[in-house]
Structure formats: structure tokens, C-alpha cells
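Below is one structure, written out as C-alpha cells; comments come after it.
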Amino acid sequence: MPAIGPSPMDDAQLAVFVQLICNYFSASTRSTPQLGSPSIEFGTPRLLDYTGFIRFSGASPGWIYISFTQPMARTLLTKLGEQQQDSEMIRDAVGEIASIVTSNAREHFGSSFRVSLPIAISKGEDLPIPEGMPQFAYDINWESHKGILGIVLAPEAAVLPS
């Protein structure tokens, strides 16, 4: 499959990810988060205690990441009815949430929007994405907890394997 050339993601496309993360929290916890306006950042992404990354390809290839503090992740797991709340369970949860949000974006972007398997890391581990790429970071405020939704745009075309 030939590479698809990048085109900048516009406000409406970014808003899809914002709506999807809000929908996830509303549906799974019955409590909708508030997301701030995006900040445009370069360099190393701001990450919290646990972060789930998903690579995507299509007209605007890149990565999405969702980062939570440990207290936010534990509160979320409690609301989801999960008793096990160790580091491995939290890593699995943030990876799964990133996967759900990104997979649901495919309904909006169409079949050319492809996603990879999630990669979850704890604070201090190596990043699975190249540093220095432009990113839109949204602060997530949910039940007195802070999180981050990030959308990192790749500078060149990329296509994920089928």
C-alpha cells in the first residue's frame, strides 16, 4: 500500500479525539471530564505516571497518548469495578483506553485510518515515539484528577501494516 502524504490535522479532526475521550469517561464512569484548550508543544511530551500510546496512519499520521496520574488511574479502575490496581493493571488500562479511543476514531476518519497495538509505559521509561514532533496536549480534569490527552503529528507520511 503506498504511503499517504501528510496533511495537517485541523480543529475538527482534533475535536474528534476530544469528544471520544469524553464519551469514554461518560459511558464507563458516568462522569464527564473537562478538557482544556490544546497547547501546542514541541520536544518531549508532558507525561504523568502512566501513559498509553497508539500509533495511527492515514492522511495525518502520528500518535495519540493518554497519560494519567496514579491516583486518577486507581479512581478510574475503582469506577470500572476493577479490584486489582497494581502497576501492571494500570498500564494495561491506559493502553486499553488509548486503544478504544483511537479505534473509535476510525469510524470518523474511515478505513484509511489505521492503528497499531497499544504501548503502555510508566513514568521514567523510554518513550515509544520520536521526540521533537509537534503535539497538541489537552489537560484532562476529571473528578479532581489531572490527566493529559496528546496528539502527536508525524512530520512524514507513514502507513501501518494491515
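General observations
Conditions tested, residue by residue: (1) in a loop (DSSP other than H, G, I, E, B); (2) over 22 Å from W142 (Cα atoms); (3) modelled with pLDDT of 95 or more.
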residue	(1), (2), (3)
F56	no, yes, no
A59	yes, yes, no
S67	no, no, yes
P71	no, no, yes
Q85	yes, no, no
I100	no, no, no
R106	no, yes, no
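- Which listed residue is buried (at least 19 other Cβ atoms within 10 Å of the Cβ), assigned to a helix (DSSP H, G or I) and modelled with pLDDT of 90 or more, from L76, L48: L76
- With respect to the conditions (1) closer than 15 Å to Y138 by Cα; (2) assigned to a strand (DSSP E or B), C22 falls short on a single one, namely (2).
- Per the listing S31, S60, the residue uniquely within 24 Å of E107 (Cβ to Cβ), surrounded by 19 or more Cβ atoms within 10 Å (Cβ to Cβ), touching a residue at least 60 places away in the same chain (Cβ under 8 Å) and of a type in the set (S, T, N, Q) is S60.
- Residue that is part of a loop (DSSP other than H, G, I, E, B) and either crowded, with 17+ Cβ neighbours inside 10 Å or without any contact (Cβ under 8 Å) to a residue 12 or more places away in the chain (or both), where the choices are G150, G132, G95, G81: G81
- Taking segment 74-116 as the range and being of a type in the set (A, V, I, L, M, F, W, C) and under 14 Å from the mean Cα position of the chain (by Cα) as the test, the residues that pass are A93, V94, I97, A98, I100, V101, A105, V115.
- Boolean, L127 is in contact (Cβ under 8 Å) with a residue 60 or more places away in the chain, in contact with a Ser or Thr (Cβ under 8 Å, 6 or more places away or on another chain) and surrounded by fewer than 20 Cβ atoms within 10 Å (Cβ to Cβ): yes
The values are calculated or read from the model by the stated rules, or taken from the named source; none is laboratory data. Since the model is a prediction, treat every value here as computed from it, not as a measurement. A quick note on method: Cβ atoms are made from the backbone with ideal geometry, for glycine too, and the neighbour counts reach across all protein chains shown.
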